[in-house]
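See below for the structure under consideration.
Nothing in this text is a laboratory measurement; each read-out follows from the coordinates by a stated rule. Note that the structure is predicted; figures quoted are calculated from it, not measured. Counting neighbours? That spans all protein chains shown, and the Cβs are built from the backbone with ideal geometry, glycine included.
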Amino acid sequence: MLGCFLSAASAWLRLRLLVSVDVVLRLLGFLMAATLAARGGDGAGTLVSVCATVGMVADLAREVGGPQVAVHALMGPGVDPHLYRATASDLVRLQRADLILYSGLHLEGRMQETFERLRRSGRRVAAVTDGLARDRLINAGGEGQKDPHVWFDVRLWADCADAVAEALAGVRPASAEAFRSRASELKRRWDGLDRWVRGRVEEIPPTRRILVTSHDAFGYFGRAYGMQVVALQGISTVTEAGLADMAQLTDFIRSKGVPAVFLESSVSPAGLQRIAKDAGVRRGGELFSDALGTPGQKHGPFDLGTYEGMIRRNVDRIVEGLK
Ligand SMILES: [Zn+2]
């Protein structure tokens with residue numbers, strides 16, 4: 001009788017033990033799932049670290065990545081990407097990043113080899129202009145070379161948001177929908193910016209819609225918003241302008257009655273300053289060409305360290321200089 005009771009009691013205890021282990025395991029599973037959901041759903045938890053080259057690309061990554069990314073830009077205000085080489089500390093940052101984003105089309109000409117090496121070593125590396133249809137790009141000289149200054153056509157740059165969303169989704173698949181929906185929202189917002197630029201440029205009398213700058217960064221701006229664009233140096237700043245180029249540009253400015261020329265924040269001003277003096281024209285305000293301004297500095301309500309702030313200040317300066 002006693003033996004029977006003891007055996008029943010031990011069976012009951014074993015059952016209780018099994019039930020409680022099961023409950024604890026279930027509870028742990030539930031808690032882990034809840035924690036993962038709170039962190040973004042796929043278990044990675046931490047922010048996606050993005051290393052971008054120029055400020056314009058970093059801005060795209062921040063817009064599309066939102067609170068799920070931490071973005072670092074290698075090239076700050078006033079830095080010329082055509083001439084930039086990665087430093088030793090850049091290489092450490094690039095190695096550690098979850099995702100490396102660059103503009104592409106040989107804008108960062110001297111970093112090309114670094115990107116290839118990083119790709120071969122298994123890093124995720126993507127050019128934001130890669131997804132754009134080739135026929136939307138401006139030809140620049142021979143061998144299929146395209147003009148890399150895509151950001152000056154606001155709609156074209158907005159379309160690069162899709163490539164950024166896909167690159168981020170590759171790193172953090174569980175947040176793919178969030179990245180894609182932020183990219184769509186950004187394109188809607190920058191559609192408004194595009195309309196604003198168009199309206200501002202229309203304030204310049206048609207015969208004065210000529211933009212003279214240090215280097216040929218504004219080809220997309222000219223095509224999108226109906227301005228003739230003339231530059232002292234070519235698409236890249238690697239080759240310097242000669243005396244003949246300077247004399248030719250001086251003659252052009254005189255013959256067209258161009259009221260102002262524009263220096264750039266990331267290019268040496270010497271050549272164009274001399275031309276302005278020789279041709280007897282004003283120097284319009286300095287334009288941002290291949291770099292954003294200093295974060296925290298304002299143009300009205302807009303931050304010059306953002307793409308939108310940079311575009312708005314450029315356009316206001318162009319319109320004030322030529323109107
Ligand atoms: Zn450039």
Inset, instruction - With only Lys, Arg, Asp and Glu charged, each at its Cβ (+1 for the first two, -1 for the last two), find how big the charge dipole of the range 101-253 is about the Cα centre; round to the nearest 20 debye. - result: 620
Inset, instruction - Give the order of PHE115, PHE218, PHE252 when sorted by the count of other beta carbons within 10 angstrom, beginning with the fewest. - result: PHE252, PHE115, PHE218
Legend entry - Cα lying deepest toward the dipole's positive end in the chain, options GLY285, GLY142, LEU168, charges on Cβ: LEU168
Inset, instruction - Calculate for the chain the 222 nm mean residue ellipticity that helices alone would give, adding -39,500 (n - 2.57) per DSSP H run of length 4 or more and normalising by residue count, nearest 500 deg cm²/dmol. - result: -16000 deg cm²/dmol
Legend entry - Other-chain or far-sequence residues with amide H under 5 Å of TYR84's (modelled H): ARG110
Inset, instruction - Give me the angle, in degrees from 0 to 90, between the Cα long axis of helix 2-39 and the longest principal axis of the Cα atoms of the chain, rounded to the nearest 10. - result: 10
Legend entry - Sorted by Cβ density within 10 Å, fewest first, the residues SER289, SER265: SER265, SER289
Inset, instruction - Quick one: which residues, 5+ away or cross-chain, put their amide H under 5 Å from the amide H of LYS146? H built at 1.01 Å from N. - result: ALA140
Inset, instruction - Work out from phi, with θ = phi - 60° and the Karplus expression 6.51 cos²θ - 1.76 cosθ + 1.60, the ³J(HN,Hα) of each residue of the range 240-248, listed in order in whole Hz, and give x for Gly and Pro. - result: 8, 6, x, 4, 4, 4, 5, 5, 5
Legend entry - Nonlocal Lys pairs with alpha-carbon distance under 27 Å, the chain (8 or more apart, or different chains): 6
Legend entry - Cα gyration tensor, the range 48-194 - rounded (a/c under 1.5), prolate or oblate: oblate
Inset, instruction - Between the alpha-carbon centers of the range 136-200 and the range 245-295, tell me the distance in whole angstrom. - result: 28
Legend entry - Dipole in debye (nearest 20) - the chain, about Cα centre, beta carbon charges: Lys, Arg +1; Asp, Glu -1: 640
Legend entry - Selection from VAL267, LEU322, VAL238, by position along the positive dipole direction of the range 199-322 (Cβ): LEU322
Legend entry - ARG195, ARG317 arranged by Cβ crowding within 10 Å, fewest neighbours leading: ARG195, ARG317
Inset, instruction - DSSP loop (so not H, G, I, E, B), at most 15 other Cβ within 10 Å: list which trypsin sites (Lys or Arg not before Pro) in the range 81-178 pass both filters. - result: ARG85
Inset, instruction - Taking GluC sites (Glu not before Pro) as candidate sites, keep only those in a DSSP loop with at most 16 other Cβ atoms within 10 Å, then name the longest stretch of the chain containing none of them. - result: 1-142
Inset, instruction - Tabulate in residue order the Karplus-calculated ³J(HN,Hα) for the range 74-89, using 6.51 cos²θ - 1.76 cosθ + 1.60 with θ = phi - 60°, rounded to whole Hz; enter x for Gly and Pro. - result: 6, 9, x, x, x, 8, 8, x, 5, 9, 6, 10, 5, 8, 4, 6
Inset, instruction - Any chance you could give the angle, 0 to 90 degrees and rounded to 10, that helix 176-201 forms with the longest Cα principal axis of the chain? - result: 20
Inset, instruction - Return the long-range amide H neighbours of LEU263 (sequence gap of 5 or more, or a different chain), with a cut-off of under 5 Å between placed amide H atoms. - result: GLY284, LEU287
Inset, instruction - Please give the net charge around ASP290, taking every other residue with its beta carbon less than 9 angstrom from that of ASP290, where Lys and Arg add +1 and Asp and Glu add -1. - result: -2
Legend entry - Average projection area in nm² (convex hull over Cα atoms of the range 199-322, one quarter of hull surface): 7.3
